[in-house]
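Written out below as structure tokens is the structure these notes cover.
The values are calculated or read from the model by the stated rules, or taken from the named source; none is laboratory data. Computed from a predicted model, the values in this text were never measured in an experiment. Here the Cβ is made from the backbone with ideal geometry for all residues, glycine too, and neighbour counts use every protein chain on show. Quick note on the areas: whole protein, heavy atoms, side chains included, nothing else; ligands and nucleic acids left out. Shrake-Rupley method; radii C 1.70, N 1.55, O 1.52, S 1.80 Å.
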Amino acid sequence: MVSEHKLLPSTPIQYLKGVGPNLALRFKKKNIETAWDMLFNIPMRYLDRRELSAIKNLRVGEEQSFVATIQSYHASSLNRGRRKLMEVLVQDEQDQLKLTFFQFNEKWMKQRFPVGGKVLIFGEIRLWHGIKNVVHPEMEPWDDEDLTSRIVPLYSLTEGLYQKTVRNIMTKNLHQLLELVEDDSRTVREEGAVQISLKDAFHYIHAPPVDADLELLNNSRSPYHQRIVYDEFFFLQLGLRIRRYQQAAKTSFTLNHNNSLLYEALSQVPFELTGDQQKALEEIGQDYMTGRPMNRMMQGDVGSGKTIVAFLSALSIIQEGYQVAMMAPTEILAEQHYRNLQLMGDPLGVTVRLLTGSTKAKERVLLLEELIAGKIDLLIGTHALITPDVLFKELGYVIIDEQHRFGVLQRAQLKNKSHLGIRDSAPHLLIMTATPIPRSLSMCVYGDLDISIIKEMPKGRKAIITKVFREANHDAMCQEIEKELEQGRQAYFVYPLVEESEKMDLKDATLMHKKLSTVFKKYKVGLLHGRMKGKEKDAIMQQFKNKELHVLVSTTVVEVGVDVPNSTVMVVEHAERFGLSQLHQLRGRVGRGADQSYCYLVAQYAQSEESRFRLKTMERTNDGFIIAEEDLKLRGPGEFLGTRQSGMPDFRIAHIVRDSNLLKASQKRAEEILSEDPNLSLDKNLMIRKIMHDRWGQRLELSGV
Ligand code: ADP
Ligand code: MG
């Protein structure tokens, strides 16, 4: 048992008042595990309970709260049963109102909000066929103790976690949690940006006073939010800068300017490199000459030809006798790289091998022997490469494809696998990504990486034509696709894979596979999904490449990097469920040859405004950079990068676009402090150093404390 006054930021939340092991598990689903996490569990928005209107007086177009009684539930289906709709009629003394849900758990709702019960409702009031309506309102059972008129925080919830529970926990523990906040506000006060102590900021945000500006609160724009945002930015900026110094102090091997292997390879490439490809190759070449390990990210839209650049850049390293590792996020992709690069490597005398989870045990043993004996020049693989027994003789270069799938930690593990120490040096690192990371973001998140950008597409590519189709026009769409098939082209049909409903989606894909087999009678239709074994997937993919299959129905496993230039149609089903970057990635599977390609986005009715905007954006532009910017605006940096999985720094409330002025201020401040005291060893900076190390030391692999 941890006694009260000993609460630490890392104390598990079970030790907070009102949190048992059961609740702790539920919080864990929201990534709230420690006391510090709980403090940072910033309300999503706030409920104005200072004024509760009667339904009659609710103003259309505004967000308001009101209390009403549940009158009836009515469920119906839309779209030939593919989607359900729930309408709930509520009333007060004088008037009625309808609540509409497109996603709901009927049983749970009826239990929690029984007919006849009073409910507190909050949301935007709309008018629909003459009756007031709220779509997906916030709801809570209403009881009399709620009558206090104040501003109430609304926390993000998960199954089995109720507003009231979270609020109670916050109320009971807030005082103690605030004690965790160390007084680092000096860094801010001196600058004069936000003159609030961090402690006051958290207090205000979890328990706002009655006279607070609700709009600022709801947009996370209050000075109190800004104070916390600044804090988040500041310590990361500090950490990234220190990391950069530490990296720059490392040494790597230098090369002998012998590029004959590279020139030989260039003469064999069947096409001309684009200007941007050449430039990226030169930038990498320059990094090799610095005597320090390269840390470079190559950003290029899907289909821009990153693989060949990576391969060519590996040749000068291989020529020096070092080994190269190339890590891809999926077996399909690793296999594809292996096939292509082996073809290029063979005539050059470069030995290329493949190691994945499905490599047979016997084969693996042999391969590992060859690897440690230095007989393999380029080893391509999946995360199978980072298992502990995979040892190189002398690893000189690590290439990571489609970076956003791998985290900092995996990066580090692979880099540390280097040589058994004949020549003492750190390997170079190249990360390839098709997710163009906006400048604002990459500075902030990958402060330690240099960046090469490939914007120019290979010659002769035609812009992909993108079109949104309604579910009802599916047949018309298939007729258009048939025309392409008649010309010998191929088509993808992709289904979203939403974790919770994996079974559903699999069912969708399987059903659609059946249906399409009858629609495209003259052609062969294949099915690919995540439940298949690596070998099965590869076999299907291979058949598709060999044109033995003409249509490929698949769950999102084809998303990353697959290259079949003869396919000219990409159909994305349930397109409204995908994020912009993901849609763009999928679209990038076509348009890889000289033929006109098409991307058809099939969307359901009842889309949100946001999903309509996403689909419009897709129709409007093929430019990955514009799409990335829009996506970042819509989703915010954390989700944009999928940071939770990737181990990349994630902000809890800071938003790089919205808060860009604070980001700049924090960068400036971090630089000022470090220029005066690069190691943060002055007394006045000890606290900052401690906080920085606590928060980022491990993730940024900083040495020294
Ligand atoms: P990505 O950047 O998405 O990884 P790939 O490396 O898979 O793209 O390249 C896509 C396709 O373009 C491949 O078939 C590749 O051979 C081809 N390609 C790459 N560079 C050029 C070029 N300069 N001219 C023509 N085709 C190219
Ligand atoms: Mg690729």
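Which one is most open to solvent (accessible area, probe 1.4 Å), of the residues in segment 246-265 that are in contact with a Ser or Thr (Cβ under 9 Å, 6 or more places away or on another chain) and under 22 Å from I454 (Cβ atoms)?
N259
Give segment 670-689 a look and list any residue that's surrounded by 13 or more Cβ atoms within 10 Å (Cβ to Cβ) and more than 10 Å from F235 (Cα to Cα), or say none. Full working, then the answer.
Initial filter on segment 670-689 (surrounded by 13 or more Cβ atoms within 10 Å (Cβ to Cβ)): 670-674, 677, 680, 685, 687-689.
Selection gives E671, E672, I673, L674, D677, L680, N685, M687.
Listed here are the residues, each with its yes/no results for (1) at pLDDT below 85; (2) assigned to a helix (DSSP H, G or I); (3) farther than 30 Å from K56 by Cα.
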residue: V152; (1), (2), (3): no, no, no
residue: L174; (1), (2), (3): no, yes, yes
residue: D183; (1), (2), (3): yes, no, yes
residue: A201; (1), (2), (3): no, yes, yes
residue: Q226; (1), (2), (3): no, yes, yes
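Every residue, every condition in (1) open to solvent by less than 20 Å² (accessible area, probe 1.4 Å); (2) touching a residue at least 60 places away in the same chain (Cβ under 8 Å); (3) not charged (D, E, K, R), yes or no:
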position: K547; (1), (2), (3): no, no, no
position: S554; (1), (2), (3): yes, yes, yes
position: P565; (1), (2), (3): no, no, yes
position: R592; (1), (2), (3): no, yes, no
position: C599; (1), (2), (3): yes, yes, yes
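Given the criteria hydrophobic (A, V, I, L, M, F, W, C) and under 28 Å from the mean Cα position of the chain (by Cα), does V210 qualify? Walk me through how you get there before you give the answer.
Numbers: hydrophobic (A, V, I, L, M, F, W, C): yes; under 28 Å from the mean Cα position of the chain (by Cα): no.
No, not satisfied.
Quick one: in segment 266-277, which of the residues that are touching a residue at least 12 places away in the same chain (Cβ under 8 Å) and in a loop (DSSP other than H, G, I, E, B) is nearest to K455 (Cα to Cα)?
Within segment 266-277, the first condition is being touching a residue at least 12 places away in the same chain (Cβ under 8 Å), and the residues that meet it are 266, 268-269, 271-277.
After this cut, where a residue has to be in a loop (DSSP other than H, G, I, E, B) as well, the list is 269, 271-274.
Details: V269: 20, F271: 17, E272: 16, L273: 13, T274: 9 Å.
This residue is T274.
Among the residues that make up segment 590-611, is at least one of them part of a helix (DSSP H, G or I) and in contact with a Leu (Cβ under 6 Å, 6 or more places away or on another chain)? Spell out the reasoning first.
Filtering segment 590-611 down to residues part of a helix (DSSP H, G or I) leaves 609-611.
Imposing the further condition that a residue be in contact with a Leu (Cβ under 6 Å, 6 or more places away or on another chain) reduces the set to none.
Looking through segment 590-611, none of the residues is part of a helix (DSSP H, G or I) and in contact with a Leu (Cβ under 6 Å, 6 or more places away or on another chain).
Assuming G374 fulfils every condition listed in (1) assigned to a helix (DSSP H, G or I); (2) open to solvent by 10 Å² or more (accessible area, probe 1.4 Å) apart from one, which condition is it?
Unmet for G374, out of (1) assigned to a helix (DSSP H, G or I); (2) open to solvent by 10 Å² or more (accessible area, probe 1.4 Å): (1).
Would you be able to tell me the number of residues in segment 543-592 that are under 17 Å from E402 (Cα atoms) and either within 16 Å of ligand 2 (Cβ to nearest atom) or in contact with a Pro (Cβ under 9 Å, 6 or more places away or on another chain) (or both)?
Here the count works out to 16.
Which residues, counting only those in segment 74-127, are of a type in the set (A, V, I, L, M, F, W, C) and loosely packed, with under 12 Cβ neighbours inside 10 Å?
W108, L127
Could you pull out the residue among L333, L315, L341 that is within 34 Å of the chain's Cα centre (by Cα), in a helix (DSSP H, G or I), touching a residue at least 60 places away in the same chain (Cβ under 8 Å) and within 19 Å of I431 (Cα to Cα)? Write out each step before concluding.
Values: L315 fails: touching a residue at least 60 places away in the same chain (Cβ under 8 Å); L341 fails: touching a residue at least 60 places away in the same chain (Cβ under 8 Å).
On inspection, the qualifying residue turns out to be L333.
Residues being part of a loop (DSSP other than H, G, I, E, B) and surrounded by fewer than 21 Cβ atoms within 10 Å (Cβ to Cβ): count how many of those fall in segment 278-301. Outline the logic, then answer.
We begin by selecting, within segment 278-301, every residue part of a loop (DSSP other than H, G, I, E, B); these are 289-294, 301.
Remaining after also requiring surrounded by fewer than 21 Cβ atoms within 10 Å (Cβ to Cβ): 289-292.
Of the residues in segment 278-301, 4 are part of a loop (DSSP other than H, G, I, E, B) and surrounded by fewer than 21 Cβ atoms within 10 Å (Cβ to Cβ).
Restricting to helices (runs of 4 or more DSSP H) lying wholly in segment 402-503: which have 2 or more residues that are at pLDDT 90 or above?
Working: elements: 408-415, 439-445, 474-486.
Counting at least 2 such residues, we get 474-486.
Could you list, in sequence order, the residues of segment 305-325 that are more than 12 Å from ligand 1 (Cβ to nearest atom) and of a type outside the set (G, A, S)? So that I can check it myself, show each step before the final result.
Our first condition is that a residue be more than 12 Å from ligand 1 (Cβ to nearest atom); within segment 305-325, this holds for 313-325.
Correct list: L315, I317, I318, Q319, E320, Y322, Q323, V324.
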